[in-house]
């Protein structure tokens, strides 16, 4: 399915709460999402809401942006928990390097 044909709600790991977050962030299409940076989306959402969001929200943004950019993304990488494990692994490596 081409990027322009997919809807945000078609993406894996995207439910009503994330759709609401996308609306707050002004993202209405998969094409718009594909051009965004997940970390910046997370930071902007925290600023808009005036509070720190659960860090798993960043993982969901990473999953969504990856899917938006690659319609053939491996199924495992479409789930937010793939990105959560990757983030935790990277944090563990950074702590070990100190």
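The values are calculated or read from the model by the stated rules, or taken from the named source; none is laboratory data. As the structure is a prediction and not an experimental result, all values here were calculated from the model. Here the Cβ positions follow ideal geometry from the backbone for every residue, glycine too, while neighbour counts run over all protein chains shown.
Which one is farthest from residue 70 (Cα to Cα) among residues in region 14-35 that are surrounded by fewer than 19 Cβ atoms within 10 Å (Cβ to Cβ) and touching a residue at least 24 places away in the same chain (Cβ under 8 Å)?
The residue in question is 24.
So which of 68, 60 ends up being within 13 Å of residue 11 (Cβ to Cβ), buried (at least 18 other Cβ atoms within 10 Å of the Cβ) and touching a residue at least 60 places away in the same chain (Cβ under 8 Å)?
Being within 13 Å of residue 11 (Cβ to Cβ), buried (at least 18 other Cβ atoms within 10 Å of the Cβ) and touching a residue at least 60 places away in the same chain (Cβ under 8 Å) holds for just one of 68, 60, which is 68.
Would you please name the residue that is modelled with the lowest pLDDT, looking only at residues in region 53-98 that are more than 25 Å from residue 29 (Cα to Cα) and assigned to a loop (DSSP other than H, G, I, E, B)?
98
Residue 39 - would you say it is surrounded by 13 or more Cβ atoms within 10 Å (Cβ to Cβ) and assigned to a helix (DSSP H, G or I)?
No.
Just need a number here: residues in region 1-11 that are exposed (fewer than 15 other Cβ atoms within 10 Å of the Cβ) and either under 16 Å from residue 83 (Cβ atoms) or at pLDDT below 85 (or both).
Here the count works out to 3.
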